[in-house]
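One structure is given here, and the rest of the page talks about it.
The values are calculated or read from the model by the stated rules, or taken from the named source; none is laboratory data. In this text the structure is predicted, and so the values were computed from the model without any measurement. Ideal geometry is used to build each Cβ from the backbone, glycine not excepted, and the neighbour counts take in all protein chains shown.
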Amino acid sequence: MNGLLGHTHVQANLNRNPDIDLMSAKSVGMDPAPKNLYWNSAFKGYNADDRMMPGFSLVGTNAAITILEDGDEMLFPDHNVIDVDYLNYGGAFKLMADITPKAPAHDFVTFGVYARSSVPSSISAAMRYESGNIIASASHSGSGDWEFIGMSALYDKSAPYFYFSITGDVQLTAPTFIYGKAPAIPGASLMSSSGARMSGTLTMGVTTVYPPPDATPYYWTIPKNSGNIFLIDTQGNPSRSIIRLNHRTADRFARGTLATLMFEEAGTRVKHNAYIKLKNNADFVSGPNTSITLMAGGSASWVEVSRNE
């Protein structure tokens, strides 16, 4: 159901009725946040000796686990594949999040995982329904192809419980979990400004910075929106000083931004002053392959975080 209602007010629990998508000057529908709450959905960092996968619990000893990191095996870029060799004893082997953040505002959950298996009914998604009973999704057909195994249903808020029940050999990748009733978005792990955890590599942008004009030799500018690591190219004259950094309003970085200045040559001085506050009020003088990290104050000021001399 969707549409525009003029000045009509719709009074309903829109989190429990997510298919009502109406907008008016009096009320508005809602969609769930698209953030995947399985923070390590790429299955990185598995410790085979301790059988530990960051972000997940592997419940049971009745399966042998192997991580497939070959790009040819991946269904999504940078998402490892778990190969589960089920050992045919002890009931179902379970894969579940070690901690699932609670969201009492929502009545529905949507979760699932891509699975590949030649064993019919090798895996299903399961959860505790709002009535307290355990319900399960459709199982894998055993086709030998990738199939998305998942479900969307009302959940028990007093004792939430979500897992994947495995009773046959299967390969898994790209699990996804969101609160709300919405199509699953496997292979995407969006970061939220309210907080985020990385399971993969965080790559920073790197930019080369050149000296300022001769008329303002101490006023250096590092480019905004070009990364956090800046290679200082002194153009063959390292005997320079940095007294001001991004002094113009248009060039200033947001408060809390970290910038690392890296130097190949010795002799460049970052001077402690009212605009660049350094540890123990001591100037930084570069040596070969040294660096200093500064934090932007949101204005024209910076403060030292660390240095490598």
Those strands (runs of 3 or more DSSP E) lying entirely in the range 160-247 with at least 2 residues loosely packed, with under 15 Cβ neighbours inside 10 Å = 206-209
request  = May I ask you to say which residue of Tyr46, Tyr89, Tyr155 is touching a Lys or Arg at 6+ places or on another chain (Cβ under 9 Å) and without any contact (Cβ under 8 Å) to a residue 60 or more places away in the chain?
outcome  = Tyr155
key: Those residues of the range 107-139 which are over 20 Å from Leu68 (Cα atoms) and in a loop (DSSP other than H, G, I, E, B), in sequence order   = Asp107, Pro120, Ser121, Glu130, Ser131, Gly132, Asn133, Ser137, Ala138, Ser139
note = Scanning the range 103-127 residue by residue, those touching an Asp or Glu at 6+ places or on another chain (Cβ under 8 Å) and small (Gly, Ala, Ser) turn out to be Ala115, Ser117, Ser118, Ser122
Residue count, the range 263-284 (criterion: crowded, with 18+ Cβ neighbours inside 10 Å and in a strand (DSSP E or B)) = 4
ask   = Given the structure, is Ser152 crowded, with 18+ Cβ neighbours inside 10 Å, closer than 12 Å to Phe108 by Cα and small (Gly, Ala, Ser)?
value = yes
message = Return the residues of the range 4-56 that are of a type in the set (Asp, Glu) and modelled with pLDDT under 70; say none if nothing qualifies.
response = Asp19, Asp21
